[in-house]
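A.B. asks: Here it is: the structure, laid out below.
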Amino acid sequence: MITINLRISKVTLDRTAAIETAQAVVVVRVVDWQRVAQNRAIVKCPVDNGRLKSMHRTRLTQSARSVRGVVRNGTKYAAAVHDGRRSITIVPKRKKYLRFEVDGRVVFTKRVRQKARRPRPWLHDAGAEASAQLGWTWKTTKGESSDAE
C-alpha cells in the first residue's frame, strides 16, 4: 500500500537576499570571462613595439540589475588597428616640414601618405573565444548573435 500525504507549505522569498546571491555568482563568472578575454587579447594582439600589447585593461560595473565586464585597450591608435582605417595624408602642424629617418638618413618633406590599413580585430576575437570557452553566446556590437565556437 502506498500512502501520499500532502502538506501545503508557505514559501517566503527574501528578494533582496536572492538578488545579492545571484549577483555574487554572476560577478564571479564575469570576472572569469574578463580574465580569459584579457589573456587571449594579449596573446592575439598585433605587436610592433609592445605598447599596444601592454595597455589592455578591464573594468567591472554593477547596478541593481546588471553586471558588466569590459576588456579594452587604452592606446590612441588601438581603434585604427582593430577596425582598420582609410589612407591618410600627414601634414605638419607647427612647422613647414616633417622630419623623420629612413634607413639611417634624415628626410624632410611637406606631406606623407600612409596606405589604408586592414582591420585586425584581436579584441573582438578574444571576446568570442573567451565566451566559447565558458559556454556563452557571443553577440557582436551590431546586435547580431552568433554562437562562439
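A.B. asks: Residue check: is Pro46 part of a loop (DSSP other than H, G, I, E, B) and closer than 20 Å to His124 by Cβ?
C.D. replies: The answer is yes for Pro46.
A.B. asks: Considering only the range 110-128, state which residues are loosely packed, with under 11 Cβ neighbours inside 10 Å and under 20 Å from the mean Cα position of the chain (by Cα).
C.D. replies: Arg118 - this is the single residue of the range 110-128 that is loosely packed, with under 11 Cβ neighbours inside 10 Å and under 20 Å from the mean Cα position of the chain (by Cα).
A.B. asks: Just checking, does the range 86-96 include any residue being surrounded by 13 or more Cβ atoms within 10 Å (Cβ to Cβ) and closer than 30 Å to Trp136 by Cβ?
C.D. replies: No - not one qualifying residue is present in the range 86-96.
A.B. asks: When the range 38-61 is examined, which residues are found to be without any contact (Cβ under 8 Å) to a residue 24 or more places away in the chain and of a type in the set (Ser, Thr, Tyr)?
C.D. replies: Result: Ser54, Thr61.
A.B. asks: Let me ask something else about it. Among what's in the range 129-146 and is surrounded by 11 or more Cβ atoms within 10 Å (Cβ to Cβ) and charged (D, E, K, R), pick the residue that is modelled with the lowest pLDDT.
C.D. replies: By that ranking, first place goes to Lys139.
A.B. asks: May I ask you to list pairs of residues, at least six apart or on different chains, whose Cβ atoms are under 7 Å apart, with the first in the range 62-83 being touching a residue at least 40 places away in the same chain (Cβ under 8 Å) and within 16 Å of His124 (Cβ to Cβ) and the second being among the polar types (S, T, N, Q) and surrounded by 11 or more Cβ atoms within 10 Å (Cβ to Cβ)?
C.D. replies: Val71/Gln34; Val71/Gln38; Val71/Thr58
A.B. asks: Restricting to the range 102-136, what's the tally of residues that are farther than 24 Å from Ile88 by Cα and without any contact (Cβ under 8 Å) to a residue 24 or more places away in the chain?
C.D. replies: Matching residues across the range 102-136 total 4.
A.B. asks: Does any residue of the range 62-73 turn out to be farther than 25 Å from Ala24 by Cα and either touching a helix residue (DSSP H, G or I) at 6+ places or on another chain (Cβ under 8 Å) or outside any strand (DSSP E or B) (or both)?
C.D. replies: Yes: one or more hits.
A.B. asks: Ok, one more. For residues in the range 110-120 being among the charged types (D, E, K, R), outside any strand (DSSP E or B) and touching a strand residue (DSSP E or B) at 6+ places or on another chain (Cβ under 8 Å), which is farthest from Gly84 (Cα to Cα)?
C.D. replies: Narrowing the range 110-120 to residues among the charged types (D, E, K, R): 110-111, 113, 115, 117-118, 120.
Next, from what is left, pick out any that are outside any strand (DSSP E or B): 110-111, 115, 118, 120.
Filter once more, keeping what is touching a strand residue (DSSP E or B) at 6+ places or on another chain (Cβ under 8 Å): 110-111.
Numbers: Lys110: 25, Arg111: 21 Å.
Ranking the qualifying residues of the range 110-120, first place goes to Lys110.
A.B. asks: Does Thr16 count as at negative phi, in a strand (DSSP E or B) and not charged (D, E, K, R)?
C.D. replies: Here the answer is no, as Thr16 does not meet what is asked.
A.B. asks: Please specify each residue of the range 97-109 satisfying the condition of being within 25 Å of Val81 (Cα to Cα), of a type outside the set (A, V, I, L, M, F, W, C) and surrounded by 10 or more Cβ atoms within 10 Å (Cβ to Cβ).
C.D. replies: Across the range 97-109, the qualifying residue is only Arg99.
The values are calculated or read from the model by the stated rules, or taken from the named source; none is laboratory data. In this text the structure is predicted, and so the values were computed from the model without any measurement. Positions of Cβ are backbone-derived with ideal geometry, glycine not excepted, and every protein chain shown enters the neighbour counts.
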